[in-house]
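The values are calculated or read from the model by the stated rules, or taken from the named source; none is laboratory data. This is a predicted model, so every value here is computed, not measured. Counting neighbours? That spans all protein chains shown, and the Cβs are built from the backbone with ideal geometry, glycine included.
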Amino acid sequence: MRAEALKGHLDGLLLAALETGPLHGYAVKEALREATEGRIDLPTGTVYPALHRLERAGLIAGSWSVVAGRRRRTYELTASGRTALSGERANWREFATAVTAALGTRTWPATN
């Protein structure tokens, strides 16, 4: 799935990937790929700027650690991020219901 197709949903997907606990940036990308059985495999150039934006918004908190001599940033949800994730899920359910209704097999009204 192309990153462009996820516009408007990327934040919710990244927040959901962090719901189970802190992850470094690449692990967030991989968690999302695994959760979707490879259907969503975002480029790092999409993931990292979005994580930075979510951090600036206070939805996730980042901290630095050193692993095998290399610094890496680990992210986790904040209380505001958990609230935002709940809202993203509600918005997704509403959107998915509307799209399913529109794309489902049915008879459309005739137009003149």
Given (1) more than 22 Å from Phe95 (Cβ to Cβ); (2) touching a strand residue (DSSP E or B) at 6+ places or on another chain (Cβ under 8 Å), index of the condition Glu30 fails = (2)
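Do we have Pro43 as loosely packed, with under 12 Cβ neighbours inside 10 Å and touching a residue at least 40 places away in the same chain (Cβ under 8 Å) here?
Numbers: loosely packed, with under 12 Cβ neighbours inside 10 Å: yes; touching a residue at least 40 places away in the same chain (Cβ under 8 Å): yes.
Criteria met by Pro43.
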Scan of segment 78-112 for residues that are at pLDDT below 90 and charged (D, E, K, R), ordered by number | Arg106
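Looking only at residues in segment 60-77 that are over 13 Å from Ala17 (Cα atoms) and surrounded by 12 or more Cβ atoms within 10 Å (Cβ to Cβ), which one is modelled with the lowest pLDDT? Walk me through how you get there before you give the answer.
Residues of segment 60-77 over 13 Å from Ala17 (Cα atoms): 61-73.
After this cut, where a residue has to be surrounded by 12 or more Cβ atoms within 10 Å (Cβ to Cβ) as well, the list is 61-62, 72-73.
Values: Ala61: 98, Gly62: 96, Arg72: 91, Arg73: 94.
Restricting to residues being over 13 Å from Ala17 (Cα atoms) and surrounded by 12 or more Cβ atoms within 10 Å (Cβ to Cβ), the top hit is Arg72.
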Consider Glu37 carefully, then state whether it is surrounded by fewer than 15 Cβ atoms within 10 Å (Cβ to Cβ) and either of a type outside the set (A, V, I, L, M, F, W, C) or within 13 Å of Ala17 (Cα to Cα) (or both).
-> yes
State all residues of segment 57-112 that are part of a helix (DSSP H, G or I), of a type in the set (A, V, I, L, M, F, W, C) and more than 11 Å from Leu15 (Cα to Cα); if no residue qualifies, say none.
-> Ala79, Ala90, Trp92, Phe95, Ala96, Ala98, Val99, Ala101, Ala102, Leu103
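Restricting to segment 1-18, give me the number of residues that are exposed (fewer than 14 other Cβ atoms within 10 Å of the Cβ) and either closer than 13 Å to Leu42 by Cβ or modelled with pLDDT of 95 or more (or both).
Looking only at segment 1-18, we keep the residues that are exposed (fewer than 14 other Cβ atoms within 10 Å of the Cβ), and these are 1-2, 4-5, 7-8.
Narrowing the set further to residues that are either closer than 13 Å to Leu42 by Cβ or modelled with pLDDT of 95 or more (or both) leaves 1-2, 4-5, 7.
Here the count works out to 5.
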